[in-house]
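Just so it is clear, none of the values below were taken in a lab; they were calculated from the coordinates. Quick caveat: nothing in here was measured; it's all calculated off a predicted structure. All Cβ positions, even for glycine, are placed from backbone atoms using ideal geometry, and neighbour counts span all protein chains on display.
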Amino acid sequence: MTVKRITNIPLHLLFLLALTASFAGCLKENLEDCLSITVQAHDRSSDVELDTNNIKDLSLFLFNNDFRFMYKIDASMKKKVTILGNRDRELYIVAWGNLRQGSQTFTDPRPGDLLTDCFVELRSRTRATASPYVDSPDDLFRGGITIAGSKSKGGKVISMYREVGSMTVTLRNLKSFTGYDDNNFRMVVRETPSMMNFNGKMTGDMIAYLPVVSLVNNRNTEEYHVPPFNMFPKEGVMIDVFHGDELIATVSKDSSTGNSINVKRGGLTNVLIDLKSAVNVSVEMTEWGRLYMWKEF
């Protein structure tokens, strides 16, 4: 008898073979005895369920009790998804919403890869002196659920929450403060981490954003305005105001409270920089998408 020896089989293929074998029991039985998952999106502050139109794409990443990747499912909001797996072992599922909209890259894990090696990373645009500029992330949602092997049947719900924050900036009296009469101004917002792992923890290099700045006329007064743009969350960010390559001002705190400028998950950071006689900064936090109306002086 000839015995054939199998060598040099990649780990992810061996894991995939073992995974396939573990599904056999559920496949042979009625699917009603299997685990089904429904995903919902919720507001962070109120926990109110959000409209499904907020989520353009939905991805489910399944990991075993050793937090090794098994497989991914591209799903739809509020539609039940049947999950196949070994009922005797714990299962961990990570749900991401809007991950595939293009403003970030993400790990495409192979069977057997560890959860800790899976990340979402912002796309780099260009490079500043010390930090790269990045694209603003899409409206990312994330949620997770751990399911014990003994409970891996019936229906479960994964609640996803917004993982990004947003910022808007209003800049007053810029031309009179600087003495420049042209519109060659720009703002740089820095710094946040460039990566988020699948558990929602921030990591990676420190990076900067280059938001769009537009000149608007507010009651016959010129203001420079940055409409809301998405950012990774961070406590203590700074805003640099430039004319060409000349740094005009750097702000990092509310002038009246001394509190740092923070970007929070699921919130909108409203910043007013008034240069009428000196640099004066006001910061107001509002719920996602609700602009703060600054008073006129």
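Structure above, values below:
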{"read-out": "SER214 versus THR257: modelled label distance in nm, points set 7 Å from Cα along the beta carbon direction", "value": "2.8 nm"}
{"read-out": "Candidate aspartates and glutamates - alpha carbon under 19 Å from LYS80, same-chain residues fewer than 8 apart omitted", "value": "GLU29, GLU32, ASP33, GLU49, ASP51, ASP57"}
{"read-out": "Neighbour-count order for THR192, THR82, fewest beta carbons within 10 angstrom listed first", "value": "THR82, THR192"}
{"read-out": "Mean Cβ count within 10 Å, highest first, over the residues of peptides 90-102, 177-189, 108-120", "value": "90-102, 108-120, 177-189"}
{"read-out": "Farthest positive-ward along region 143-202 dipole, Cα basis, beta-carbon charges - from LEU171, MET187, ASN197", "value": "ASN197"}
{"read-out": "Within-11-Å neighbourhood charge of ARG123 [Cβ basis; K, R +1; D, E -1]", "value": "-2"}
{"read-out": "Among ILE261, ASN280, ILE239 the positive-end extreme of the charge dipole of region 165-287 (Cβ point charges)", "value": "ILE261"}
{"read-out": "Given charges at beta-carbon only (K, R positive; D, E negative), |dipole| of region 165-287 in Debye", "value": "320 debye"}
{"read-out": "Neighbourhood charge, 10 Å Cβ-Cβ cut-off, centred on ILE55 and excluding it, Lys, Arg +1 and Asp, Glu -1", "value": "-1"}
{"read-out": "For LYS56, residues with placed amide H under 5 Å, excluding near neighbours", "value": "ASN98"}
{"read-out": "Residues whose placed amide H lies under 5 Å from that of ALA41, excluding near-sequence neighbours", "value": "LEU50, MET160"}
{"read-out": "Inter-probe distance in nm under a simple model that places probes 7 Å from Cα toward Cβ, at ASP135 and ASP74", "value": "1.7 nm"}
{"read-out": "Residue-count net charge about LEU215 - beta-carbon cut-off 15 Å; Lys, Arg +1, Asp, Glu -1", "value": "0"}
{"read-out": "Long-range tail of P(r) for region 165-287 (Cα pairs > 25 Å, %)", "value": "23 percent"}
{"read-out": "Entries of LYS234/LYS276; LYS175/LYS234; LYS175/LYS253; LYS79/LYS234 with Cα pairs more than 25 Å apart", "value": "LYS234/LYS276; LYS175/LYS234; LYS79/LYS234"}
